[in-house]
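The structure appears below as structure tokens.
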Amino acid sequence: MWSVLRAGSTILKCSFCGKTQDEVRKLIAGPKAHICEECVDRCIDVLAEELAKKSQGCLLCGSTKELHEMRRIPGRGPVCGECLDAVRAVIEKTT
């Protein structure tokens, strides 16, 4: 996690990859561990891949599709492309 230098100062390291604070752009400190922005990016990529593999139902029609085929509406959930197209068509007709 960190090493003590002779002068008493410390070098902070990422607890996951071992890179020092001088080797990364950002090092986030927790109570007992540190994580660099590169490891955060890797974690986000892994989570995104796992979530993309899962299926969910469309909020409007209920059809089940893989998450990467859906659009996520913030605070609501996933909507399939067909429903989005239908909603767009209705909006275009009314404007």
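The values are calculated or read from the model by the stated rules, or taken from the named source; none is laboratory data. A quick note: this is a predicted structure, and the numbers were derived from the prediction, not measured. Here Cβ is always computed from backbone atoms with ideal geometry, including for glycine, and neighbour counts include all displayed protein chains.
For the reader, a short list of remarks on this structure follows.
For every residue, the table says whether it meets (1) at pLDDT 90 or above; (2) assigned to a strand (DSSP E or B); (3) under 30 Å from Asp85 (Cα atoms).
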site	(1), (2), (3)
Arg6	no, no, no
Gly18	yes, no, no
Ile35	yes, yes, no
Glu38	yes, no, no
Cys43	yes, no, no
Glu50	no, no, yes
Cys61	yes, no, yes
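- In region 30-62, the residues that are of a type in the set (Val, Ile, Thr) and surrounded by 12 or more Cβ atoms within 10 Å (Cβ to Cβ): Ile35, Val40
- When region 63-95 is limited to residues that are over 22 Å from the mean Cα position of the chain (by Cα) and in a loop (DSSP other than H, G, I, E, B), the one that is surrounded by the most Cβ atoms within 10 Å (Cβ to Cβ) turns out to be Ser63.
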